[in-house]
Ligand code: KIV
C-alpha cells in the first residue's frame, strides 16, 4: 500500500474519496489495519479508557502516547500516524511544541489537539516548527467535566456557528485536518463545506470527508457498551481482517454511518 501523507489526504478531500481511520495502540493492530485498507491510524488518548480502564481520558500522559506511538510505528513505516496530545499538554504554545516534539520523535506524522480558536497561537507555532496539526471539535473528551458528561455538541444554532468559526480558525492557523465528534449530521456537513482541509467524523454522520472509530468499538469490546454512532463489524464478518475491510468499504460506499448511527 502506498505511503500516505498530508498531501494524499488533502487530495482525497478534493477528489471526494472518503478517508478511513481507526485508533490503534500497538504494532500488530496498526499493521493489520494498514494492510486491510485503513488510511490513517490515531494513537488516541481514548487509550486512557480502553487500555487503562479509566472513566475518562484525563489521566493519560505524553509519555503514554509516546510509548504507544512507538509501538504503532513499529507496525509499519508506511502508516500515517496521528498522535493525540493529552489533557494539559498544550495549554501554552511552548509546552505544546515540546510535547509535540516528543510525539513526532516517537514516530507520529501529525499531532491532534482538542479545541477551537483559543489554540490559534499554539497551532501556528507548531506548524512553523514543522509539526502538522489535526484539530478536534464537538464532543472533545478532555472537556467532559465542562460539558457535564459525554453529550452531543452543537445542537443550538449559536453553538453550531461557533463551531464553524472554530473550524475556520483552526484552518487559518495552519491545521491540516480536523476531527469532529458527536455533532448533528447537518452541522458536520456545514463544517466540512466551510473548510478546505479534510474533516473526519465520529458520530457526525456520513457527509464528512472520512470516518474514524475507536478500534474497540469496531469489534464490540468496549466494556460491553457500543456507542450509538458505532457498529460491531466483527459480528457481521467473523474475523478481524474482514471486519476492517468491511468498515473501509462501507465508509467508501457511504453505507456507514447509516441513519441509525447519526444524530439529528
Ligand atoms: O482519543 C481518541 O480515540 C479520539 C477519537 C475518538 C477521535 O480522539
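Throughout, read-outs are computed from the coordinates displayed, never taken from laboratory work. Keep in mind that what you see is a predicted model, and the values were worked out from it rather than measured. Cβ atoms come from the backbone with ideal geometry, glycine included; neighbour counts cover every protein chain shown.
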Would you be able to tell me the number of residues in region 108-135 that are assigned to a loop (DSSP other than H, G, I, E, B) and over 17 Å from the mean Cα position of the chain (by Cα)? 2
On the given criteria, is residue 195 more than 16 Å from the ligand (Cβ to nearest atom), in contact with a strand residue (DSSP E or B) (Cβ under 9 Å, 6 or more places away or on another chain) and under 27 Å from residue 125 (Cα atoms)? yes
On the basis of being away from the ligand (no atom under 13 Å from the Cβ) and under 22 Å from residue 46 (Cα atoms), does residue 174 make the cut? no
Counting only helices (runs of 4 or more DSSP H) entirely within region 1-89, those with at least 3 residues that are farther than 26 Å from residue 197 by Cα and in contact with a helix residue (DSSP H, G or I) (Cβ under 9 Å, 6 or more places away or on another chain) are 27-35, 47-50, 62-75
Residue count for region 120-150, restricted to those that are over 27 Å from residue 77 (Cα atoms) and either within 15 Å of the ligand (Cβ to nearest atom) or surrounded by fewer than 23 Cβ atoms within 10 Å (Cβ to Cβ) (or both): 17
